[in-house]
Amino acid sequence: MEPPVLAVSGLRKSYRGQEALAGVDLEIRAGELVGLLGPNGAGKSTLTKIACGLVRPGAGGVEVLGRAAGSPPARAALGYLAELFRFPGWCSADELLRLHQRLAGSAGGADERQELLGLVGLAEARDKRVEAMSKGMQQRLGIAQALIGAPKLLLLDEPTSALDPVGRRIVRGLLEEMRRRGVAVLLNSHLLSEVELVCDRVAIIARGRLVKAGTPEELAGPGGVEVETGDGVRVFSGAGREEAPRIVAELVAAGEAVYRVEVRHSSLEEVYLEAVGGQTG
C-alpha cells in the first residue's frame, strides 16, 4: 500500500500555555476527501497551518508524501487556501494566477491558468479585477490559485463559506474532479451538509483532540425505529433495520395495529453536536 499523502502523528501545539492540539493522529490517502469539523478554537486551522509549514508543532509531526511538513518537497506537493485571504485588488484573475505560478515555480503557463479558471467557473472573468469581483468569485479564484502546480494535497480552510448555492455546487464538482485525479483533500468547514455530500471520511476535532472519525455513514448510525400504531407513534431509540421485524412482530403479538414503520438514522449534525459536547463555534 502506498504511504499516506498526509500523515499526522501525535500532533501537539500550545499557545501561551493554552493547548490548541493535544495529540492528534490523522491520515489522508491519494484521492481521499476528508472533512475536518469542529467549533472555532478546536484546532482545525492550527493543524492546517502546521501541515503547510507556517506553524511549528510543539510535539509529534506532520509529513506530506513522507517529507516533513514545511520542507521544500512538502511545500511543493501541496496547495493551500486560508480562511482569511486577500488578493491585490488591481490584479485581474489571470494576472493573479500568473503571479502565483511564478511563486510556485509552475511552468503551466496560459494553458494551466485557463484550465483552472474553467474548473472554478471563472473562465469568462479572466480579465476581471479582483476588486470588481464578488466575495464568492474571489473565493473561487482562491481555490484556483491553490491548484497551481498540480498539488498532490489540497488544504482548504472554509472554502465555501462565502459561496451561494451555485458556487457551492461548482466547488463540489471541483472536489469530485480532484478525487478522480487522485488528489488528497483536507476540507475544514462549518457547513456539515457540504461535508456530508462530498467527503469520504469525516474527522471531528474538539478542544484539540480528535473525538470522532469515520465515513459519514459510519458516524450517522441507527437513530431508532419509529412505529405508528393505533395508540400513536412509538420510537425505539438505538434500534436498527435488523431489529425492525422483531419490534413489529412483538407489537402485533401484543394486539396492536401497525400502520407505519420507519428506520431513523442520526444525522451528521446530531453526531457532531454529541461529539463536541455542545461547544459552540
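Nothing in this text is a laboratory measurement; each read-out follows from the coordinates by a stated rule. The structure presented is a predicted model; accordingly, all values stated were derived computationally and were not measured. As a convention, Cβ positions derive from the backbone with ideal geometry for all residues, glycine included, and neighbour counts pool all protein chains shown.
Some notes on this structure:
- Rounded to the nearest whole angstrom, the semi-axes of the ellipsoid equivalent to the range 222-265, taken from the Cα gyration tensor as √(5λ), stand at 17, 11, 7, largest first.
- DSSP finds beta bridges in the chain, and of those with both partners inside it, around 65 percent are antiparallel.
- When the listed pairs Lys128/Lys152; Lys13/Lys49; Lys13/Lys135; Lys49/Lys152; Lys44/Lys152; Lys13/Lys212 are checked against a 23 Å cut-off, the alpha-carbon distance exceeds it for Lys128/Lys152; Lys13/Lys135.
- Cα-based helix-to-principal-axis angle, 109-119 vs the chain, degrees rounded to 10: 20
- Residue exposure sequence - Cys52, Cys91, Cys199 - by fewest surrounding Cβ within 10 Å: Cys91, Cys52, Cys199
- With Cα atoms, 0 to 90° folded angle of helix 135-146 axis to the chain main axis: 70
- Mean projected area of the convex hull spanned by the Cα atoms of the range 90-142, taken over all viewing directions: 3.3 nm².
- Simple spin-label estimate for Leu197 and Gln18 in nanometres, 7 Å along Cα-Cβ: 3.3
- Taken about its Cα centre, the chain carries a charge dipole of about 1380 debye when Lys and Arg each add +1 at the Cβ and Asp and Glu each add -1 at the Cβ.
- Compared with the dominant principal axis of the Cα atoms in the chain, helix 93-104 is inclined by about 80°.
- Estimated from the Cβ-Cβ distance and a Förster radius of 45 angstrom, the FRET efficiency linking Glu217 and Lys128 is about 0.65.
- Sequence-distant contacts, meaning Cα pairs under 8 Å at least 6 residues apart, place the relative contact order of the range 90-142 at 48 percent.
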